[in-house]
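The values are calculated or read from the model by the stated rules, or taken from the named source; none is laboratory data. Note that this is a predicted model, so its numbers are computed, not measured. Because the Cβ atoms are built from the backbone with ideal geometry, glycine has one as well, and the counts that use them run over all protein chains shown. Just the protein is used for accessible areas: all its heavy atoms, side chains included, with ligands, DNA and RNA removed. Shrake-Rupley method; radii C 1.70, N 1.55, O 1.52, S 1.80 Å.
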Amino acid sequence: MVYRRRLRSAWNRVDSGALHQAPRKWQSWLSDTGSLTQKIESVIGQKLEVLVLQDCRQNLNSDESRYFHFKIKRCRLREVLLCVNGIPLVMARSIIPNSSSSGSNHEVLRLGKKPLGAVLFAKKRMHSKKKSHRVISRLDKKSALWKKCFQQYPELQSVSWARRTLYQLKGRPLLVSEVFLPALLNYPSN
């Protein structure tokens, strides 16, 4: 009998009870189902600045590849910091397969300094009625995403919280990971 080693993930479904393991101050940010950009902008009363850290073609790590059933090896990777007055609040990492940015979805290739949420949550382009797959994670220094975020944001705390959502843009998948940075707590989440 052949046993396949199952890839373990530190990511847990929001509805699995994992949300209650997060500090109370992060829970409403982690569980929100709408556009994070829109939520932050409504809370702070101004537009977020998008600082593009990276926008290139790259190989996926195995933890990200599992969301695409290991069928996608290379894709477009976009990493940004969402800031207010130059202060980073969120680091976002978006995985955009080639098939997800073609045809009527071509707008995701021309984001520039516009947040991806502006495309994902636009009424005419909103993802399908299929519920988005959302998971959360407690990131620490052992986490690949924590290490990546720390390279771009050295003030990152040794333990951080993140959410990851698999969206459908007109039936095509996009994976978005959002790492919440300490300055976000300066604003109420409700």
- Query: Within segment 170-186, which residues are over 16 Å from the mean Cα position of the chain (by Cα) and open to solvent by less than 20 Å² (accessible area, probe 1.4 Å)?
  - Reply: Ala183
- Query: Of the residues in segment 136-179, how many are farther than 18 Å from Trp29 by Cβ and of a type in the set (Lys, Arg)?
  - Reply: 6
- Message: Looking for something in contact with a Ser or Thr (Cβ under 6 Å, 6 or more places away or on another chain) and either part of a loop (DSSP other than H, G, I, E, B) or not small (Gly, Ala, Ser) (or both) - is there at least one such residue anywhere in segment 149-161?
- Response: no
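Look through segment 16-26, keep the residues that are in contact (Cβ under 8 Å) with a residue 60 or more places away in the chain and either within 13 Å of Leu184 (Cβ to Cβ) or not hydrophobic (A, V, I, L, M, F, W, C) (or both), and return whichever of them is least open to solvent (accessible area, probe 1.4 Å). Give the derivation first.
First pass over segment 16-26, keeping only residues in contact (Cβ under 8 Å) with a residue 60 or more places away in the chain: 18-19, 21-23, 25-26.
Of the ones still in play, those that are also either within 13 Å of Leu184 (Cβ to Cβ) or not hydrophobic (A, V, I, L, M, F, W, C) (or both) are 21, 23, 25-26.
Details: Gln21: 140, Pro23: 51, Lys25: 120, Trp26: 15 Å².
Across segment 16-26, the extreme among qualifying residues is Trp26.
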- Message: Among the numbered criteria (1) within 28 Å of Ser16 (Cα to Cα); (2) at pLDDT below 85; (3) surrounded by 11 or more Cβ atoms within 10 Å (Cβ to Cβ), which one does Arg74 miss?
- Response: (1)
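Somewhere in segment 130-153, is a residue among the hydroxyl-bearing types (Ser, Thr, Tyr) and closer than 16 Å to Phe68 by Cβ? So that I can check it myself, show each step before the final result.
Going residue by residue through segment 130-153, those that are among the hydroxyl-bearing types (Ser, Thr, Tyr) are 132, 137, 143, 153.
Restricting the remaining residues to those that are closer than 16 Å to Phe68 by Cβ gives 132.
Yes.
Quick check: anything in segment 166-181 outside any strand (DSSP E or B), more than 20 Å from Gly117 (Cβ to Cβ) and in contact with a strand residue (DSSP E or B) (Cβ under 9 Å, 6 or more places away or on another chain)?
Filtering segment 166-181 for residues outside any strand (DSSP E or B) gives 170-171, 181.
Checking the rest, the ones that are also more than 20 Å from Gly117 (Cβ to Cβ) come to none.
Looking for residues that are outside any strand (DSSP E or B), more than 20 Å from Gly117 (Cβ to Cβ) and in contact with a strand residue (DSSP E or B) (Cβ under 9 Å, 6 or more places away or on another chain), one finds none in segment 166-181, hence no.
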- Task: Consider Leu81 carefully, then state whether it is at pLDDT 90 or above, open to solvent by 50 Å² or more (accessible area, probe 1.4 Å), under 25 Å from Tyr153 (Cα atoms) and of a type in the set (A, V, I, L, M).
- Result: no
- Item | Subset of segment 14-69 (residues that are assigned to a loop (DSSP other than H, G, I, E, B), over 24 Å from Pro154 (Cα atoms) and more than 14 Å from the chain's Cα centre (by Cα)) | Gly17, Gly45, Gln46, Lys47, His69
- Task: Go through segment 44-66 and give me each residue that's surrounded by 16 or more Cβ atoms within 10 Å (Cβ to Cβ), within 29 Å of Pro188 (Cα to Cα) and of a type in the set (A, V, I, L, M).
- Result: Ile44, Leu48, Val50, Leu53
- Message: Ala162 - would you say it is within 13 Å of Trp11 (Cα to Cα) and either buried (at least 21 other Cβ atoms within 10 Å of the Cβ) or modelled with pLDDT under 85 (or both)?
- Response: yes
- Message: So, in segment 102-122, how many residues would count as being at pLDDT 70 or above, open to solvent by less than 10 Å² (accessible area, probe 1.4 Å) and in contact with a Lys or Arg (Cβ under 8 Å, 6 or more places away or on another chain)?
- Response: 2
